[in-house]
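So the structure is just underneath, and the comments pick up after that.
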Amino acid sequence: VETLVALNAGAVALGAWPAYALARRYLSRGVALALVVAFLLQPAQATLARDVHAVTFALPLLLAALWALDARRTVAFCAFAGLALLAKENVALVVAALSLLGLWTRRLKPLVALLVLALALGWLVVALQVVIPAFGGDHARATMTRFSHLGGSWPAVLLSPFRDPRAFWGCVFNSESLAYLWRLLAPMGLLPLLAPSSWLLALPDLAQNLLSNH
């Protein structure tokens, strides 16, 4: 257990390299270092001392994929994104968002972006419907209990903004959700609000956390 905790924290620490490389492309060395320090010292990182989450191992790989995407290094992007998919099934949604960002910003050729998108979503289906059940898990049903207030199925949840807008927006705009968003944004000086295009990458996880009753 102690080894897993150390490896989990090490994965986050490794994220400093691609984060710095990405920041350094646009900013001075001092400002880039300051952003990396802010990233490493976020209050949320304190949970690394007591919890182990498989999704954490995807963090440095996703940051490296973002760096490669920004640098228009297609092969490196595909490699890092593909490895990130192995961490946990829901990482597929972030990889899908990365491919859409690459398509939108024209940093990926349309064919490559669509192939990565199809691979990510295909892997998500295979993981949920084949891999996890094969090992005796029922992750899909267990996950759906977190969204029972929005419907009993994924289509119902996806349609909830139109089917039951009061319940949907009630999950987004309440004291707990706003406090959660503040804890995410405040350590970075609210700077993410100045880059709306990057919200696409955060949207899958933000949606899961804001809409969940867990």
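Averaging over every viewing direction, what projected area does the convex hull of the Cα atoms of segment 1-67 cover, in nm²?
4.3 nm²
On average, how much area does the Cα convex hull of segment 25-152 cover when viewed from any direction, in nm²?
Convex hull of Cα atoms, orientation-averaged projection: 10.3 nm².
Please state the Cα pair-distance histogram of segment 110-183 with 5 angstrom bins from zero: what percent is in each bin?
Percent of pairs per bin, in order: 3, 14, 14, 15, 16, 17, 15, 6, 0.
Can you order the peptides 32-44, 88-100, 190-202 by their average number of other Cβ atoms within 10 Å per residue, highest first?
Sorting 32-44, 88-100, 190-202 by mean packing, highest first, produces 88-100, 32-44, 190-202.
I'm checking a number: the convex hull volume of the Cα atoms of segment 39-100, normalised per residue, in Å³. What is it?
In segment 39-100, the Cα hull volume divided by residue count equals 85 Å³.
Per residue, how much space in cubic angstrom lies within the convex hull of the C-alpha atoms of the chain?
So the per-residue Cα hull volume is 140 Å³.
Can you give the FRET efficiency to the nearest 0.05 for residue 49 and residue 184, using r as the Cβ-Cβ distance and R₀ = 22 Å?
According to the calculation, E is roughly 0.70.
Roughly how much of residue 177 is accessible, in Å² to the nearest 10, using a 1.4 Å probe?
10 Å²
If ligands, DNA and RNA are left out, what is the accessible area of residue 149 with a 1.4 Å probe, given in Å² to the nearest 10?
Roughly 70 Å² of residue 149 is accessible to a 1.4 Å probe.
The values are calculated or read from the model by the stated rules, or taken from the named source; none is laboratory data. Note that this is a predicted model, so its numbers are computed, not measured. Cβ sites come from the backbone with ideal geometry, for glycine too, and all protein chains shown count toward neighbours. Please note that ligands, DNA and RNA were not included when accessible areas were found on the heavy atoms of the full protein model with its side chains. Shrake-Rupley method; radii C 1.70, N 1.55, O 1.52, S 1.80 Å.
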